[in-house]
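Data block below; observations after.
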Amino acid sequence: VYHFDIRTLEKRPQYLRHIDKIRDMFVLSCNLGQRYSDMVRIDKSSFDFNQFSIVQQKTGTKAVVDIDKFCVDRRMVYNILEKYNYKAPFDGDISSYNKYLKYLMEAVGLTEEIKRETKVAGFIKTERTPKYKLIGSHTGRRTFVTINLLRGTPLHEIMRASGHTSYSSFQKYW
């Protein structure tokens, strides 16, 4: 996603600037593992050397992320942070963020149909949905957890970085 050339999209320059910010916000979210409500509050005081920390709005829990340890590409993360002077790339409302994010993911090519089955009133309902429509603001947070689990990072360290205090709620991410 980070390396996708948004200039290939046939849109007005202002729209492309929004897409650029959305892409950067999503990539940061995948690397910092925070909710959208916390990502929009990022500022320079959230960083101390290679550590990002924030008191989460939803839970009041302090999350601490060692950028060198948890981020897939720390140079990319620092490039994005420097580009926006260590502030959130996008600070609009979450519905706008999700709308632009879905557009970006469709443009990137995440169009594969995903089969989803749910039980409704005792019957199994089957739907097929393009993958990009399933991506939203929380996808970055889930990606952060998944990547770090696959890398073999201990659960308690991922939970500290993501701000999870309950193992049962953390389990839903994998």
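The values are calculated or read from the model by the stated rules, or taken from the named source; none is laboratory data. For clarity, every value in this text was computed on a predicted model and none was experimentally measured. Because the Cβ atoms are built from the backbone with ideal geometry, glycine has one as well, and the counts that use them run over all protein chains shown. With ligands, DNA and RNA removed, areas are computed over all heavy atoms of the protein, side chains included. Shrake-Rupley method; radii C 1.70, N 1.55, O 1.52, S 1.80 Å.
Assorted remarks:
- Residues considered: 119, 133, 115, 99. Of these, the only one that is in a helix (DSSP H, G or I), over 19 Å from residue 10 (Cα atoms) and open to solvent by 40 Å² or more (accessible area, probe 1.4 Å) is 133.
- The number of residues in region 144-165 that are open to solvent by 60 Å² or more (accessible area, probe 1.4 Å) and either among the β-branched types (Val, Ile, Thr) or closer than 19 Å to residue 77 by Cα (or both) comes to 2.
- Count - residues of region 62-74 that are surrounded by 15 or more Cβ atoms within 10 Å (Cβ to Cβ) and assigned to a loop (DSSP other than H, G, I, E, B): 2
- The number of residues in region 97-130 being of a type outside the set (A, V, I, L, M, F, W, C) and free of Cβ contacts under 8 Å to residues at least 24 places away in the same chain comes to 16.
- The residue list 38, 20, 24 contains one member that is in contact with a strand residue (DSSP E or B) (Cβ under 8 Å, 6 or more places away or on another chain), crowded, with 16+ Cβ neighbours inside 10 Å and not in a loop (DSSP other than H, G, I, E, B), which is 38.
- Count of region 62-72 residues, restricted to those that are acidic (Asp, Glu) and either farther than 15 Å from residue 147 by Cα or in contact (Cβ under 8 Å) with a residue 40 or more places away in the chain (or both), is 1.
- If you filter region 41-61 down to residues that are in a loop (DSSP other than H, G, I, E, B) and without any contact (Cβ under 8 Å) to a residue 40 or more places away in the chain, you find that the one that is farthest from the chain's Cα centre (by Cα) is 49.
- Cβ-Cβ distances below 7 Å connect the following pairs, each with a first residue in region 2-17 that is closer than 21 Å to residue 31 by Cβ, a second residue that is acidic (Asp, Glu), and a separation of six or more residues or different chains: 6/20.
- When residue 91 is tested against (1) surrounded by fewer than 16 Cβ atoms within 10 Å (Cβ to Cβ); (2) at pLDDT 95 or above, just one condition goes unmet, and that condition is (2).
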